[in-house]
Ligand SMILES: [Mg+2]
């Protein structure tokens, strides 16, 4: 499944989740959805950090869990960007160029 196919499926899942939450009286405003997504993204980053912390202290790496948390992070990030009206692909293209120029400038200095 490419990003062209998984993102629409993920958006459909997200829309279903939002509609169910609204029916229960939650997520009545766009701000509430954005705040939820931002916190969820941080939560998933924490779950990823915990997996890496456990490996760092000597436990074996749970690669399946690691992959799942990376996916959770990307999915929440995609939804957050969408709700904020941000073209994440374009934002990344621009950011990569900024970093490339910064590295080139520091190389020349
Ligand atoms: Mg998770």
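List of remarks:
- Close pairs from segment 60-75: first more than 20 Å from residue 12 (Cα to Cα), partner more than 10 Å from the ligand (Cβ to nearest atom) and at pLDDT 95 or above, Cβ under 6 Å, at least 6 apart: 61/55
- Counting only helices (runs of 4 or more DSSP H) that sit wholly inside segment 26-109, those with at least 2 residues that are touching a helix residue (DSSP H, G or I) at 6+ places or on another chain (Cβ under 6 Å) and within 13 Å of the ligand (Cβ to nearest atom) are 30-56, 63-83.
The values are calculated or read from the model by the stated rules, or taken from the named source; none is laboratory data. If you're wondering where the values come from, they're calculated on a predicted model, not measured in any experiment. Note: ideal-geometry Cβ built from the backbone for every residue, glycine included; neighbour counts use all protein chains shown.
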